[in-house]
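The values are calculated or read from the model by the stated rules, or taken from the named source; none is laboratory data. The model shown is predicted, which means the values in this text are computed figures rather than measured ones. Cβ placement follows ideal geometry from the backbone for every residue including glycine, while neighbour counts extend to all protein chains displayed.
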Amino acid sequence: MAKEQLIHSLEIAGLISAYLENRLPEKDRETLQQWIAASEGNKQLFEELVARKGQPDAHPYVNSHAAYERVKRTVEHRSRKRTGMVAYSIAAAIALLIAGVLMVMQMTNGEKAELADNKKPVRQQILPGTQKAQLVMANGSSVALGTGTDTSFTLVDNTQIHQQKGVFSYGNSVHDNNAVQQLALVTPKGGEYHMQLDDGTKVWLNAASSIHFPTRFTGKERRVTVTGEVYFDVAKDAAKPFIVAVRDKEIQVMGTAFNVKAYPEEVQWEAALVNGAIKVGAGKNGVVLQPGKMLTINGSQVKESAADLEAITAWKNGNFVFHQASFGELFAVLSRWYNVEVVYAPGMHAYSNYFTGQVERNIPIRQLLEMMEITGLARFSIKDNIVTILPYK
């Protein structure tokens, strides 16, 4: 199927190239418009190309010359009999590259491996993260949770703990407020987990994250504390507001789906609302957020902006989605999921390049880096769980 995908991507690339050079026939415009309307990613990539028309060397997503030569060699190897399919211009190179990257992202894992150049320095195999976490009790003891055998056990306060098909849940039929315990669910680097709270609220934890919660919600509110990245689908209870403590602020919720990203090593933290409504902060200083919006908090500074929900919530759905992500942002995500250290070689830094693309999170990091190398933005080597980002030569 890779050949058909490649041919389709090349055809779209030719249309984009012709559009950029003001030579697209009227009969082909509908085909291009259909491709643009097929997905938000197609639309965004097309708009970025048009916005940078006339300044290809400044394009932030590709090394135009290196990427063009690399994709050209791949195309010639796979389609030697199809002459005239590659437009030899810088605009065509960029369009061809981005269409090619989209094609690569849609391939099966086997096809991705076939496309990869075996001579690259990316060799060590590092597998993606898995469902795993530690349940930490009030006395400091812990129980490992994972995707293995389903299990159930009882805590000293009669709370029933259940792990079934990789989902953690609990309940307590004894309503003794004095017996309520505080628990914590903690995911390591290279781990994620899904749980359900006592009130039915569903929670997803990304890698290197935690949630502290009681075995039963008592009083007039439902309160939890989080670090790292956590997605909530909160059960509605108008009489008992749901409160998420994040650093020195609180998120007040009634019944909502939202994402919180607050890693300790990052200066700022973010809250993005999928549906419902949340209030970040207390009193008159609190900010009420509407669906599709996000807040970025840095100390006392609070900034509201449109949320790229596709990219923000992709991890919960088993994907990576990057839209204009700097290497710093991208590799912060990859380092946590694959549990690797990232090092920049001389001449490279966190904001030296930007990347747009999407791929499932269940592939080894080697395959992901090999696909990124096709763009000509950088080269990568892996040794002893250290990923080194090298200039593309």
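The table that follows gives values for the structure above.
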read-out	value
Residues located in segment 350-373, provided they are more than 16 Å from the chain's Cα centre (by Cα) and either farther than 15 Å from Phe320 by Cβ or among the polar types (S, T, N, Q) (or both)	Ala350, Tyr351, Ser352, Asn353, Gln367, Glu373
Selection from segment 339-376 of residues that are surrounded by 19 or more Cβ atoms within 10 Å (Cβ to Cβ) and among the small types (Gly, Ala, Ser)	Gly357, Gly376
Checking Arg379 against (1) buried (at least 17 other Cβ atoms within 10 Å of the Cβ); (2) under 15 Å from the mean Cα position of the chain (by Cα), the condition it does not meet	(2)
Condition check for Ala179: in contact (Cβ under 8 Å) with a residue 40 or more places away in the chain and among the hydrophobic types (A, V, I, L, M, F, W, C)	no
Strands (runs of 3 or more DSSP E) lying entirely in segment 187-274 (those with 2 or more residues that are touching a residue at least 60 places away in the same chain (Cβ under 8 Å))	191-196, 202-205, 222-233
Test set (1) modelled with pLDDT of 75 or more; (2) surrounded by 14 or more Cβ atoms within 10 Å (Cβ to Cβ); (3) farther than 24 Å from Leu309 by Cβ - Pro25 fails condition number	(2)
Lys284 outside any strand (DSSP E or B) and surrounded by fewer than 15 Cβ atoms within 10 Å (Cβ to Cβ)	yes
Residues of segment 344-393 satisfying the condition of being of a type in the set (Val, Ile, Thr) and at pLDDT 90 or above	Ile363, Ile365, Ile382, Ile386, Val387, Thr388, Ile389
Test: residue in segment 128-144 that is modelled with pLDDT of 85 or more, in contact with a helix residue (DSSP H, G or I) (Cβ under 6 Å, 6 or more places away or on another chain), surrounded by 13 or more Cβ atoms within 10 Å (Cβ to Cβ) and under 27 Å from Val340 (Cβ atoms)	yes
For Tyr344: the one exception among (1) more than 29 Å from Lys132 (Cα to Cα); (2) under 14 Å from the mean Cα position of the chain (by Cα)	(2)
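The rows are residues; the columns are (1) surrounded by fewer than 19 Cβ atoms within 10 Å (Cβ to Cβ); (2) outside the structural domain of Glu250 (by TED's automatic domain parsing); (3) in contact with a strand residue (DSSP E or B) (Cβ under 9 Å, 6 or more places away or on another chain); (4) of a type outside the set (Asp, Glu).
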position: Gln290; (1), (2), (3), (4): yes, no, yes, yes
position: Lys293; (1), (2), (3), (4): yes, no, yes, yes
position: Thr296; (1), (2), (3), (4): yes, no, yes, yes
position: Gln301; (1), (2), (3), (4): yes, no, no, yes
position: Ala325; (1), (2), (3), (4): no, yes, yes, yes
